[in-house]
Amino acid sequence: MLLRRINYLFITIILIIVYMHIGTGLYSDDFVYLNNVPNWTLSSLKILWSGPQCYLNIPTFLFYFVQIYLIGNNFILYDLIKIIVLLFSLLLTYRFLVDYISKHRAILIAVLFILYPIHDATNYCPINQYQVITAALVMYAHTLINAERYFAGLFAGLFASFFSYASPPMVFGLSIIFLLKKNYKRFTLFILPQFIYISYFYVMKLIVGVDTIRTEHVTNPIKYLKFYTLQVLTGLDVAIGPSFFLKVYYSIVNLSLYSAVIGCVAVYIFYRFVEIKKEPINVALLWGVMAIMPLTYGMFALTGHYPQMAFNLGNRVTTLYSLTLSFLVIFFFMQNKWTSTIVFIIFIFSVLGISDHWKAWNKHQMSVFDNIRNNRQLQDYKGDKVIFVSGNQYSKYGKLSHIEFFSEHWVPNAVFRLALDRNDVTAMAINKRFKYINGQLVDTRSKHEININDYINVYDSEKDKLFRLDAVEINSYIDSLPPDTRHWVQMLDKENFIKKIILYL
């Protein structure tokens, strides 16, 4: 009977994940690589190493680039890969958990971890899936070593550690389980691959000169403390603060009728087939998954970047400690059938609403893509002047900006070249970040400057219109563009103490 229930649950999970991801497509940097990678030949695989950071995460970039090279413009196949990756990761997470807790709770934690609402960028944007793959592979290495399959566990641990920079918090967090159980041999074998990776990371960082992955703040304790404090505060906001509740609320608002019906069916299956029984908490497992959270904060604090967030593609940084949050939700908020059902209702309608938002935005992106391809002015465009693209910077999640599209200059450039099938056109974003100062158009965030003598060409992607804008009118035009609110803190008054604290940090 238990096996039959488990099978029903897995079949339901597979069907829901398939439904959630079919029709979600590509986003942001995906278009950049889609524009570049098809130019590969067997003699030019060096494109893999076009950025020195590739050397630090070779499996990630191979996985990503190879699928783009093989798939090309067959967008549905990217969705299938997303589904396979998530189901594979869910299975490895379940297999890890079932060594310590009941099967039903293991399934619930695995599903919650994989689909947790705060890290949807990991689920839907192909370039971000490395986070969940890395976490799952680390858990699988732990499972193998726990089963005394030491050689296989070491191999899996090496692959997991080298797969991406995301591995250290998972490895060191879950190693505590072995330490508390006084399994020192397993502890040593589990963390050994991670020390090999860290040594490799710092050696290669010096050799290839990586500037995009910053770790210099480890030698500046004051700066590091400030960055760590920012990580903790933003982490609390994402876990139990306004960002989390706004994410859930706007997700449910995005729910379509079809998804609402599917959600109701999922709730019935949950109520009918999932056993909710009180069980003692495995203390070693609790401390292991709890440790992932502060370790994740510590890793990102080293960079001086990547605060925790629930919106934008940057929310991939919350993936790892979503395992911590999932564990806490299942063991402390799902103690009986009624409370468990209420939590599940919120969860399932939230993640289905998130899926509907990504699907809708993907359709919108494709319509913009078609507009660019069919625009006669763009087809006939001559000269080497940059085309500045306004509009469609982000999807709108209620009052907040969510999924990036034309917000960074490299994305409109790639989209224009793909849509127009020509490489002699250069496009860049123009938005509220820009100011025209003394003959230069300045991106106030990146400090990038472009000399403008007389006029610029602007493509309004909302109106599908290309027009000339004289230099004296640039600032007025920028002022007329809508703001992009990426965090609720931006809605606060300048004198608000929360905003002051964040700016200080």
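Just to confirm, what accessible area per residue do you get for the chain at 1.4 Å probe, in whole Å²?
Accessible area per residue: 45 Å².
Suppose R0 equals 25 Å; then what is the FRET efficiency for Tyr200 and Tyr150 from their Cβ-Cβ distance, rounded to the nearest 0.05?
Taking R0 as 25 Å, the efficiency between Tyr200 and Tyr150 is 0.70.
Would you please put 348-356, 434-442, 453-461 in order of how densely packed they are, using the mean number of other Cβ atoms within 10 angstrom per residue and starting with the highest?
Those peptides, ordered most packed to least, come out 348-356, 453-461, 434-442.
What share of all Cα pairs of the stretch 412-505, in percent, falls into each consecutive 5 Å distance bin?
Spelled out per bin, shortest first, that is 2, 11, 17, 20, 17, 14, 9, 7, 3, 1, 0.
For Val18 and Lys465 in the same chain, what is the full-extension length gain: residue separation times 0.36 nm, less their Cα-Cα distance, in nm?
So the chain would gain 157.2 nm between Val18 and Lys465.
Determine ³J(HN,Hα), in whole Hz, for all residues of the stretch 403-417 in sequence, where each value follows from phi through the Karplus function 6.51 cos²θ - 1.76 cosθ + 1.60 and θ = phi - 60°; x replaces Gly and Pro.
Here the 3J(HN,Hα) series is 7, 5, 10, 9, 6, 10, 4, 6, 6, x, 4, 5, 5, 4, 5 Hz.
Taking Cα centroids, how far is the stretch 116-166 from the stretch 386-455 in Å?
35
Quote the charge dipole size of the chain about the Cα centre in Debye, to the nearest 20; the model charges only the Cβ of Lys and Arg (+1) and of Asp and Glu (-1). Please list the in-between numbers first.
Details: 44 positive and 31 negative charges, 310 e Å.
That gives the chain a dipole magnitude of about 1480 debye.
Which links in Lys205/Lys396; Lys82/Lys432; Lys82/Lys247 stretch past 28 Å when you go from one Cα to the other?
Table pairs above 28 Å Cα-Cα are Lys205/Lys396; Lys82/Lys432.
Spin-label point model (7 Å from Cα, Cβ direction): what's the Val98 to Ser367 distance in nm?
So the two model labels end up 4.5 nm from each other.
For the chain, what D do you get in µm² per second when you plug the Kirkwood radius from alpha-carbon pairs into Stokes-Einstein at 37 °C and 0.692 mPa s?
135
Distance between Cα centroids, the stretch 66-90 to the stretch 314-356: provide it in whole Å.
Between the Cα centres of the stretch 66-90 and the stretch 314-356 lies a distance of 25 Å.
Quickly work out the Tyr69-to-Asn496 label distance, labels modelled 7 Å from Cα along the C-beta direction, and quote it in nm with one decimal.
It works out to 4.8 nm between the two label points.
Enumerate the lysines that Lys277 could reach by cross-link, defined here as Cα to Cα under 23 Å, with residues fewer than 8 away along the same chain left out.
Lys103, Lys337
For the stretch 104-118, what does the Karplus curve 6.51 cos²θ - 1.76 cosθ + 1.60, with θ = phi - 60°, yield as ³J(HN,Hα) per residue in whole Hz, taken in order and with x for Gly and Pro?
5, 5, 4, 5, 4, 5, 4, 5, 4, 4, 5, 10, 3, x, 7
Counting only residues 5 or more places away or on other chains, whose amide H sits under 5 Å from the amide H of Ile452 once H atoms are built in the peptide plane?
Here Gln440, Leu441 satisfy the definition.
Between Ile76 and Ile222, what is the label-to-label distance in nm when each label sits 7 Å out along the Cα-to-Cβ direction?
Result: 6.0 nm between the two label points.
Enumerate the calculated ³J(HN,Hα) couplings along the stretch 279-286 in order (Karplus 6.51 cos²θ - 1.76 cosθ + 1.60, θ = phi - 60°), each rounded to whole Hz, writing x wherever the residue is Gly or Pro.
9, x, 7, 6, 4, 5, 5, 4
Restricting the count to DSSP beta bridges whose residues both fall in the chain, what percent are antiparallel, rounded to a multiple of 5?
Rounded to the nearest five, the antiparallel share is 70 percent.
In terms of modelled amide H atoms, which long-range or inter-chain residues lie less than 5 Å from the amide H of Val389?
Excluding prolines and chain starts, which carry no amide H, the hits are Met428, Ala429, Ile430, Tyr459.
Would you kindly state how much longer the chain becomes between Asp421 and Ala260 on full extension, computed as 0.36 nm times their sequence separation minus their alpha carbon distance, in nm to one decimal?
Full-extension gain reported as 54.0 nm.
Quickly rank 160-169, 397-406 as a protection proxy: mean count of other C-beta atoms within 10 Å, highest first.
Working: 160-169: 24.2, 397-406: 21.0.
By packing density, highest mean first, the sequence is 160-169, 397-406.
For Asp380 and Leu328 in one chain, what is 0.36 nm times their gap in residues minus the Cα-Cα distance, to one decimal in nm?
The Asp380-Leu328 span can extend by a further 12.9 nm.
Per residue of the chain, what 222 nm ellipticity follows from adding -39500 (n - 2.57) for every DSSP H run with n ≥ 4, rounded to the nearest 500?
Per the formula, -19500 deg cm²/dmol.
In whole percent, and with a 1.4 Å probe on the protein chains, what portion of the accessible area of the chain is carbon and sulfur?
Answer for the chain is 65 percent, counting heavy atoms of protein chains only.
The values are calculated or read from the model by the stated rules, or taken from the named source; none is laboratory data. Computed from a prediction, not measured in an experiment: that's the story for all the values here. Please note: Cβ atoms are built from the backbone with ideal geometry, for glycine as well, and neighbour counts cover all protein chains shown. Heads up: the accessible areas ignore ligands, DNA and RNA and are worked out on the full protein's heavy atoms, side chains in. Shrake-Rupley method; radii C 1.70, N 1.55, O 1.52, S 1.80 Å.
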